[in-house]
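Participant: First the structure, which I've put down as structure tokens, then a few questions once you've had a look.
What follows draws every value from the coordinates through simple rules; no lab data is involved. It should be emphasised that the depicted structure is a prediction, and the values quoted were computed from it without experimental measurement. Quick reminder, even Gly has a Cβ in these numbers, built from the backbone with ideal geometry, and neighbours come from all protein chains shown.
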Amino acid sequence: MMPKFYTPKIIAFLLCVAVMNITLAQNPSKPVAKFKPPVVKTYLGKVTGNGTIIPVEQGKELIGLPLTVVDAKNNSYNVTHYQFSYKRVGITEDETTGKTTAESDMVAKRFTTTPLDSIWIKTIQDELHSGEELYFFDIIAKDKDDRLFFAPELRLIIQ
């Protein structure tokens, strides 16, 4: 009769010991310092902002310049990736009526170097008109510790 009385207690004790060993065997987790990205601005030349209105000639000059990311202390950060879109304004003609109407389209590409490729620069410099838009977005910069973060987008509206 004695073994029946002690068996549940022995099993419970062994389970407690096993759980304690598992709990004690795990390494304590080290707190990971959470990365707080710096407050930065994105520049193309000396122009920054979202929805900045610039004249056509300035747009033609700016498009050949590198995209830069700078903080308030004038520390510069490397731009590793970004996307660029060019919203063009063109004219379409209705074949039946002969009427022309303004219409826009957009071309975009992902880049890993700045400034843009020479073909993009030349095309935009040759075709830039009032009402078009240059848009840099999904800009990823890297700090001195190789930590990546998003930088603010840059939208330039051509007047």
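Participant: Once label points are set 7 Å from the Cα along Cα→Cβ at both Thr112 and Thr52, what is their separation, rounded to one decimal in nm?
Facilitator: Those two pseudo-labels are separated by 2.8 nm.
Participant: Could you put Ser118, Ser76 in order, starting from the residue whose Cβ has the fewest other Cβ atoms within 10 Å?
Facilitator: Ser118, Ser76
Participant: Let me ask something else about it. Sorting Glu153, Glu132, Glu93 on the 10 Å Cβ count, fewest up front, what's the list?
Facilitator: Glu93, Glu153, Glu132
Participant: Right, here's the next one. Convert each backbone phi in the stretch 147-159 into a coupling constant with the Karplus relation 6.51 cos²θ - 1.76 cosθ + 1.60 (shift: θ = phi - 60°), then list the ³J(HN,Hα) values in order as whole Hz, x for Gly and Pro.
Facilitator: Couplings: 8, 8, 8, 7, 9, x, 6, 10, 10, 10, 9, 8, 10 Hz.
Participant: Multiply the residue gap between Thr97 and Arg155 by 0.36 nm, knock off their C-alpha separation, and tell me the result in nm, one decimal place.
Facilitator: 17.3 nm
Participant: Can I ask one more? For Arg155, Arg147, what's the fewest-to-most ordering of other Cβ within 10 Å of each Cβ?
Facilitator: Ordered from fewest to most neighbouring Cβ atoms within 10 Å, Arg155, Arg147 come out as Arg147, Arg155.
Participant: Along its three principal axes, how long is the stretch 40-158 when you only count alpha carbons? Whole Å, largest extent first please.
Facilitator: So the three principal-axis extents are 62, 24, 22 Å.
Participant: Within straight cross-link reach of Lys87, meaning Cα distance under 15 Å, which aspartates and glutamates are found once same-chain residues fewer than 8 apart are removed?
Facilitator: Answer for Lys87, where 15 Å is the Cα cut-off: Glu103, Asp105, Asp126, Glu127, Glu132, Glu133, listed by chain and number.
Participant: Which angle between 0 and 90 degrees, to the nearest 10, do you get for helix 2-25 versus the longest principal axis of the chain when only C-alpha atoms count?
Facilitator: 30
Participant: Suppose R0 equals 22 Å. What FRET efficiency, 1/(1 + (r/R0)^6) with r the Cβ-Cβ distance, do Gln83 and Leu148 give to the nearest 0.05?
Facilitator: Efficiency for this residue pair is about 0.90.
Participant: What pairs from Lys36/Lys122; Lys36/Lys60; Lys60/Lys142; Lys122/Lys142 go past 30 Å between their alpha carbons?
Facilitator: Violating the 30 Å Cα-Cα cut-off are Lys36/Lys122; Lys36/Lys60.
Participant: Still on this model: Could you work out how far helix 118-127 tilts from the main Cα principal axis of the chain, as a 0 to 90 degree angle to the nearest 10?
Facilitator: That helix lies at roughly 40 degrees to the long axis.
Participant: While we're on this one: Return the distance in nm (one decimal) between the two label points of a simple spin-label model at His129 and Lys30, each offset 7 Å from Cα along Cα→Cβ.
Facilitator: It works out to 6.0 nm between the two label points.
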